[in-house]
Amino acid sequence: MQQILPNRLIHNANVQMENSLDGIECIIDLLASKRKELLIPACTLIHNLAKDKNALSVLVEFNVASHLIRLIKTTDKKLLRQLCLAVASCCSFKKGCEKFADCGITPSLLKHLKAKNKPLRITAASALARIASLPNWCSVVSQNRIIPVRISTIL
């Protein structure tokens, strides 16, 4: 009887992990959609999932950065705000932050610092601040803007 309980717990843990991975995979698949009524909730889910370090680690492994960066040129303000929130949340994890920095997201985020939409400006600034905190990046002040720049490009 004592052996059955640990085996059952291990089985239940494996099932929960598989379900979690399937859920994250589903969210990543939603990011391939062109329908903003699917993209906005997907970005919101990523933002909320990224608050959990383990879920964020899985999101990074599923290369969420490359999927989110594809959406950065949208003109939909609600989608942009949720997208910037998702990016900022994913950047709370060093590896996630590095993935976004390597994808070249900073120029697009910089454009959103000029947005009339204040929440969008704040979330874009938050994401940029996190990227600028990476050890191999620094902040460069240019025309009243703070720009994260990879140090190797200026040395």
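The values are calculated or read from the model by the stated rules, or taken from the named source; none is laboratory data. Computed from a predicted model, the values in this text were never measured in an experiment. Heads up, the Cβs are rebuilt from the backbone with ideal geometry, glycines too, and the neighbour counts pull from every protein chain shown.
Looking at L59, L80, which one is touching a Cys at 6+ places or on another chain (Cβ under 7 Å) and aliphatic (A, V, I, L, M)?
Values: L80 fails: touching a Cys at 6+ places or on another chain (Cβ under 7 Å).
Just a single option satisfies the conditions, and that option is L59.
The rows are residues; the columns are (1) more than 17 Å from A124 (Cα to Cα); (2) surrounded by 17 or more Cβ atoms within 10 Å (Cβ to Cβ); (3) touching a Phe, Trp or Tyr at 6+ places or on another chain (Cβ under 9 Å); (4) in contact (Cβ under 8 Å) with a residue 40 or more places away in the chain.
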| residue | (1), (2), (3), (4) |
| --- | --- |
| L38 | yes, no, no, no |
| A42 | yes, yes, no, no |
| R70 | no, no, no, no |
| Q82 | no, yes, no, yes |
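Starting from region 114-127, take each residue that is without any contact (Cβ under 8 Å) to a residue 40 or more places away in the chain and list its partners that are assigned to a loop (DSSP other than H, G, I, E, B), counting only C-beta distances under 8 angstrom and pairs at least six apart or across chains.
Taking only residues 6 or more apart or on different chains, the pairs are R121/A115.
Mind checking which residues of region 71-102 are more than 21 Å from K114 (Cβ to Cβ) and either part of a helix (DSSP H, G or I) or modelled with pLDDT of 90 or more (or both)?
Kept after step one, since they are more than 21 Å from K114 (Cβ to Cβ), are these residues of region 71-102: 89-90, 92-99, 102.
Those that are more than 21 Å from K114 (Cβ to Cβ) and either part of a helix (DSSP H, G or I) or modelled with pLDDT of 90 or more (or both): S89, C90, K94, K95, G96, C97, E98, K99, D102.
Looking for whichever is closer than 16 Å to C97 by Cβ and modelled with pLDDT of 90 or more here; the options are L39, L56, L68, L45. Which one fits?
L68
Of the conditions (1) at pLDDT 80 or above; (2) over 15 Å from the mean Cα position of the chain (by Cα); (3) surrounded by 14 or more Cβ atoms within 10 Å (Cβ to Cβ), V149 clears all except one; give me its number.
Here V149 meets the rest and fails (1).
Restricting the first residue to region 13-36 and requiring it to be assigned to a helix (DSSP H, G or I), which pairs with a second residue that is of a type outside the set (F, W, Y) and modelled with pLDDT of 75 or more meet a Cβ separation below 6 Å and a spacing of at least six or different chains?
I24/V58; I27/A42; I27/L45; I28/H67; L30/L38; L30/A42; K36/D76; K36/L79
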